[in-house]
């Protein structure tokens, strides 16, 4: 049953070509997003190299802050292992949908 593709309950009101084009555009945007994210990370690294250990740098209209932030978080894995009853009593179940699009293997 898991291998079966569920058919929509209602017939889609858009043509197959429109849907196909939207999916292609969506896929292209995902690829562009990945490319831009990599490009952004490279620029960030370059900025960090240039400012070195400085916490604050002013350049033109920009103020660049690179301060250390300390956060405290709960070690959920350890709580689950050491106190499973407490862990289970605070579990919260949520429901969501995830859109995934893959190209068929031919």
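Computed from the coordinates by the stated procedures, all read-outs in this text should not be read as laboratory data. Small disclaimer: the values here were computed from a predicted structure and weren't measured. All Cβ positions, even for glycine, are placed from backbone atoms using ideal geometry, and neighbour counts span all protein chains on display.
Details
- Degrees between helix 16-51 axis and first principal axis of the chain (Cα, 0 to 90, nearest 10): 10 degrees
- Divide the volume of the convex hull around the Cα atoms of the chain by the residue count and you get 294 Å³ per residue.
- When shorter helices are ignored and each DSSP H run of at least 4 residues is given -39500 (n - 2.57), the per-residue value for the chain at 222 nm works out to -15500 deg cm²/dmol.
- Shown for 98, 35: other C-beta atoms within 10 Å of each C-beta, ranked fewest to most, produce the order 98, 35.
- Residues 75, 85, sorted so that the one with the fewest Cβ neighbours within 10 Å comes first: 85, 75
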